[in-house]
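Notes follow once the structure below has been shown.
The values are calculated or read from the model by the stated rules, or taken from the named source; none is laboratory data. This structure is a prediction, so every number in the text was calculated from the model and none was measured. Quick reminder, even Gly has a Cβ in these numbers, built from the backbone with ideal geometry, and neighbours come from all protein chains shown.
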Amino acid sequence: MDEQLIEFIQSGIMMVIGTCDDGGELAIARGVGARVVDAEAGLLRVVYSSSHWPRIADHLQGGGVAALTCSRPTDYMTYQFKGVAHVVIPDEDDLSANTAYHKLVATNLPVTGIDPDHVAIWLDSDCPMTVQFKIKEMYVQTPGPRAGVKV
């Protein structure tokens, strides 16, 4: 991951974590803060609300495959990351990333014309947990001719 991509991930973007269990049942969660732990190793941590999205922990118990789709609402720049993941208790740095995310989204989303009442729903951080990803694949998913291109 280069510096531009790290900055993108750690900004006020929309994030959706996608998982599936061994039987193929899908689950999603909205990410509410992210940080790159080790860019060279592809280690990324994303905070989510475990009370709102409880199946994520079940699906990733003992490690599992997951995808993270990140999109910037001001210009629709979008990336998807795929890899192995597991759920961990958030550490102090994860909680700081969550706090920073709230501030960034509160600043960035109103610029797009989104109703601030809707933004509050997206920022649900009740019972925070963290998904730690080991990224194996990265794709550009911005609408247009480069969509689907592997990074």
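Identify, by number, the condition in (1) polar (S, T, N, Q); (2) farther than 15 Å from Gly18 by Cα; (3) in contact with a strand residue (DSSP E or B) (Cβ under 6 Å, 6 or more places away or on another chain); (4) at pLDDT 95 or above that Ser125 doesn't meet.
(4)
Might you let me know whether region 1-14 holds any residue that is of a type in the set (A, V, I, L, M, F, W, C), free of Cβ contacts under 8 Å to residues at least 40 places away in the same chain, surrounded by fewer than 16 Cβ atoms within 10 Å (Cβ to Cβ) and out of contact with any strand residue (DSSP E or B) (no Cβ under 8 Å at 6 or more places or on another chain)? Steps first, please.
Here is the first cut: in region 1-14, the residues of a type in the set (A, V, I, L, M, F, W, C) are 1, 5-6, 8-9, 13-14.
Imposing the further condition that a residue be free of Cβ contacts under 8 Å to residues at least 40 places away in the same chain reduces the set to 6.
Cutting the leftovers down to surrounded by fewer than 16 Cβ atoms within 10 Å (Cβ to Cβ) gives us 6.
From what is left, the residues that are out of contact with any strand residue (DSSP E or B) (no Cβ under 8 Å at 6 or more places or on another chain) are none.
Checking region 1-14: not a single residue is of a type in the set (A, V, I, L, M, F, W, C), free of Cβ contacts under 8 Å to residues at least 40 places away in the same chain, surrounded by fewer than 16 Cβ atoms within 10 Å (Cβ to Cβ) and out of contact with any strand residue (DSSP E or B) (no Cβ under 8 Å at 6 or more places or on another chain).
Filter region 53-112 down to the residues that are under 18 Å from Glu25 (Cβ atoms) and in contact (Cβ under 8 Å) with a residue 60 or more places away in the chain, then identify the one that is surrounded by the fewest Cβ atoms within 10 Å (Cβ to Cβ).
Among those that are under 18 Å from Glu25 (Cβ atoms) and in contact (Cβ under 8 Å) with a residue 60 or more places away in the chain, it is Ala57.
Yes or no: region 20-34 includes at least one residue that is of a type in the set (Val, Ile, Thr), in a strand (DSSP E or B) and in contact with a Lys or Arg (Cβ under 8 Å, 6 or more places away or on another chain).
There is no residue in region 20-34 that is of a type in the set (Val, Ile, Thr), in a strand (DSSP E or B) and in contact with a Lys or Arg (Cβ under 8 Å, 6 or more places away or on another chain).
Of the residues Ala39, Ala29, Ala66, which single one is among the aliphatic types (A, V, I, L, M), over 14 Å from the mean Cα position of the chain (by Cα) and within 24 Å of Thr142 (Cα to Cα)?
On inspection, the qualifying residue turns out to be Ala39.
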